Amino acid sequence: CGRYSRYTAAEAYAGIIDAMVSNRLDDSPSYNRPPGTFQLVGLLNPDNGEAALGPAWWGFIPNWATDTSIADQRPVRDGRRKKLFVKAFERQRCLVAADYWIEWQRGEGGKQPFAIRPSEAQPFFFAGIWSKAAKLPDDHPASGEVTFAILTGEPNDDIAHIHNRQPQVLTAEALRAWIDPDTEPAHLSEILFDGRYSSYESWPIDKRVGKPSEDHAAILEPIA
């Protein structure tokens, strides 16, 4: 999941998790969102238990990092197995708002991109983890901001032919439990397993989606 789209307004996602929307958010639609940009993310305030949606930088940067060389903009396969992500997996979990994601299938003719989404719901959220980039230089756009990575897992049977991983897409019932910092770490794998959608739809799209500048609705249209 190196690219995804979100064109649904933030207020729709706020309704799903009963959240407030930050006035700092640029809510412009985008059909081809790349890493290294600000995206719509949901967090739970541990002080009052209220959910909030606001901008976060796609590219996980630990709070002790003084530059972005440590930033991991790739999806996280399993937060428990990467030491860098252990704290975030246990206490700093987030939700990433989306309408589709893009995955590339390898074949004899090269790589073919597919648009994918749950069959049962739209819009939806990815499971993610976050960290605040507290020590980046002031001139970096993510300095002092929340940064995030998307978690991945084994693919559902109906999209396993496209790629051997998929983002962890959570149902509405699992969302609040995932971002609640009081959820016991022992229950997190259960949430990721039982809280995923059961079916997905996918279709091949134009290879132009590989260019972030190709950011328009037509990029998601099916091709023969």
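The values are calculated or read from the model by the stated rules, or taken from the named source; none is laboratory data. As the structure is a prediction and not an experimental result, all values here were calculated from the model. For neighbour counting, all protein chains shown are included, and Cβ atoms are generated from backbone atoms with ideal geometry for every residue, glycine included. Note: areas computed on protein heavy atoms with side chains; ligands, DNA, RNA excluded. Shrake-Rupley method; radii C 1.70, N 1.55, O 1.52, S 1.80 Å.
If I filter the range 192-206 down to residues being part of a helix (DSSP H, G or I) and not acidic (Asp, Glu), which single residue comes out as most open to solvent (accessible area, probe 1.4 Å)? Full working, then the answer.
As a first pass, look at the range 192-206 and keep what is part of a helix (DSSP H, G or I): 192-194.
From the residues that got through so far, the ones that are not acidic (Asp, Glu) too are 192-193.
On the way: Leu192: 19, Phe193: 165 Å².
Only one residue fits best here, namely Phe193.
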Can you find a residue in the range 58-68 that is more than 13 Å from the chain's Cα centre (by Cα), in contact (Cβ under 8 Å) with a residue 12 or more places away in the chain and part of a strand (DSSP E or B)? no
Only residues that are closer than 28 Å to Ser213 by Cβ, in contact (Cβ under 8 Å) with a residue 24 or more places away in the chain and hydrophobic (A, V, I, L, M, F, W, C): list them for the range 1-34, please. Cys1, Ala10, Ala12, Val21, Leu25
Is it fair to say Trp178 is of a type in the set (Phe, Trp, Tyr) and not in a strand (DSSP E or B)? yes
Within the range 207-224, how many residues are surrounded by 16 or more Cβ atoms within 10 Å (Cβ to Cβ) and part of a loop (DSSP other than H, G, I, E, B)? 1
Read through the list (1) surrounded by 14 or more Cβ atoms within 10 Å (Cβ to Cβ); (2) modelled with pLDDT of 95 or more, then give the number of the only condition that Gly153 fails. (2)
Leu170 vs (1) in contact with a Ser or Thr (Cβ under 9 Å, 6 or more places away or on another chain); (2) closer than 25 Å to Arg117 by Cβ; (3) open to solvent by less than 20 Å² (accessible area, probe 1.4 Å): all pass except (1)
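Would you mind stating whether Ser189 is outside any helix (DSSP H, G or I) and either within 21 Å of His161 (Cβ to Cβ) or not hydrophobic (A, V, I, L, M, F, W, C) (or both)? Walk me through it before giving the result.
Values: outside any helix (DSSP H, G or I): no; either within 21 Å of His161 (Cβ to Cβ) or not hydrophobic (A, V, I, L, M, F, W, C) (or both): yes.
It is false that Ser189 is outside any helix (DSSP H, G or I) and either within 21 Å of His161 (Cβ to Cβ) or not hydrophobic (A, V, I, L, M, F, W, C) (or both).
Tell me, which residue of the range 44-55 that is out of contact with any Leu (no Cβ under 8 Å at 6 or more places or on another chain) and under 17 Å from Glu145 (Cα atoms) is surrounded by the most Cβ atoms within 10 Å (Cβ to Cβ)?
Step one: of the range 44-55, the residues out of contact with any Leu (no Cβ under 8 Å at 6 or more places or on another chain) are 44-49.
This time we only want the ones that are under 17 Å from Glu145 (Cα atoms), so: 44-45.
Numbers: Leu44: 23, Asn45: 13.
For the range 44-55, the residue satisfying everything is Leu44.
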Every listed condition ((1) assigned to a loop (DSSP other than H, G, I, E, B); (2) open to solvent by 50 Å² or more (accessible area, probe 1.4 Å); (3) among the β-branched types (Val, Ile, Thr)) holds for Ile16 save (1)
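Can you give me the number of residues within the range 107-120 that are part of a loop (DSSP other than H, G, I, E, B) and under 22 Å from Ala10 (Cβ atoms)? Spell out the reasoning first.
In the first step, residues of the range 107-120 are kept if they are part of a loop (DSSP other than H, G, I, E, B); the result is 108-109, 119-120.
Narrowing further to those that are under 22 Å from Ala10 (Cβ atoms): 120.
Residues meeting the conditions: 1.
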How many residues of the range 146-174 are touching a Phe, Trp or Tyr at 6+ places or on another chain (Cβ under 6 Å) and in a helix (DSSP H, G or I)? The answer is 2
Filter the range 121-135 for residues that are part of a loop (DSSP other than H, G, I, E, B) and open to solvent by 10 Å² or more (accessible area, probe 1.4 Å); the one that is nearest to Thr171 (Cα to Cα) is Ala121
